[in-house]
Amino acid sequence: MKLLALVDGESLLDRTLTSLLNAGVTTIVVVLSPEADLGAVRCLQDSRVHRVVNPDPSRGMFSSIQTGLAAAAAAGGDPVLVLPADMPFVAPATVRLVADECVRVNQPVVATRGGRRGHPLALPGRLVSQLVSQSATHSLKDALARLGVESIHLEVDDGGVLRDVDVPADLT
């Protein structure tokens, strides 16, 4: 499983979670598939990290995002950050910057680098229930558009916002 691949001696997922924790995120929701075995992930033992299961991940990525949004809303998250687990190179300062900008403007804020959309994305809590009720066949970007909501692009000096890990070569 790619989330257990090592990045500088720690699992890819630990590295992503550590970025969020070091940014000061107080509640983190990790969405898992029913068969996920992540026992080796150290950060999952942190009391700020909560696991939820997407019962049918075959519905697509947005269904997992919706599962996480619902759990974050139940925990009182505002803003809610979306950061795919396979993005271990996002700096904690970037996470904080995106979250703070979302609070300031009360609009979705997405990190960009060189004009390209990346992650994390911060969502105001006021949008969460509307996004959860959208069809899982959409993407998050499409769901926001259907709601007539545009994301603010926040240009950052962090190449990690574009660097996801799809294959082992992405780790080098």
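Looking only at the chain, where both bridge partners belong to it, what percent of the DSSP beta bridges are antiparallel (to the nearest 5)? Show your work: numbers first, answer last.
Details: 9 of 18 bridges.
If we restrict to bridges inside the chain, about 50 percent are antiparallel.
Would you mind getting me the FRET efficiency between residue 26 and residue 130? Use the beta-carbon distance for r and R0 = 25 Å, nearest 0.05. Walk me through the numbers on the way to the answer.
Working: r = 24 Å, r/R0 = 0.94.
Once rounded, the FRET efficiency stands at 0.60.
What relative contact order, as a whole-number percentage, does region 2-171 give when Cα pairs under 8 Å and 6 or more residues apart are counted? Don't jump to the answer; show the numbers that get you there.
Values: 295 pairs, mean separation 40.7, N = 170.
Relative contact order of region 2-171: 24 percent.
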What is the Cα coordinate range of region 2-171 on the first, second and third principal axes, sorted by size from largest, in whole angstrom?
42, 37, 29
Positive dipole terminus of region 36-160, leading residue within 92, 66, 105 (C-beta point charges):
66
The size of the Cβ-based charge dipole (Lys, Arg +1; Asp, Glu -1) of region 74-125 about the Cα centre, to the nearest 20 debye, is 200 debye
GNM on the chain, Cα springs under 10 Å; top mean-square fluctuation among 132, 105, 90 goes to 105
Rounded to the nearest 20 debye, what is the charge dipole size of the chain about its Cα centre when +1 sits on each Lys and Arg Cβ and -1 on each Asp and Glu Cβ?
360 debye
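Tell me the net charge near residue 79. Cut-off is 12 Å between Cβ atoms, residue 79 excluded, with +1 for each Lys or Arg and -1 for each Asp or Glu. Spell out each step's value before the answer.
On the way: positive: 96, 104, 126; negative: 78, 100, 101.
Net local charge, residue 79 excluded: 0.
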Would you mind checking region 128-143 for residues with the amide N under 20 Å from a putative spin-label position 7 Å along Cα→C-beta of residue 61?
128, 131-143
Provide the FRET efficiency to the nearest 0.05 for the residue 42-residue 117 pair, computing r from the beta carbons and using R0 = 30 Å.
0.50
How big is Rg to Rh over region 85-166, alpha-carbon atoms, Rh as the Kirkwood inverse-mean-distance radius?
0.97
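All of the numbers you see were taken from the coordinates with simple rules; none came from a lab. Since the model is a prediction, treat every value here as computed from it, not as a measurement. Glycine gets a Cβ as well: all are built from the backbone with ideal geometry, and neighbour counts include every protein chain shown.
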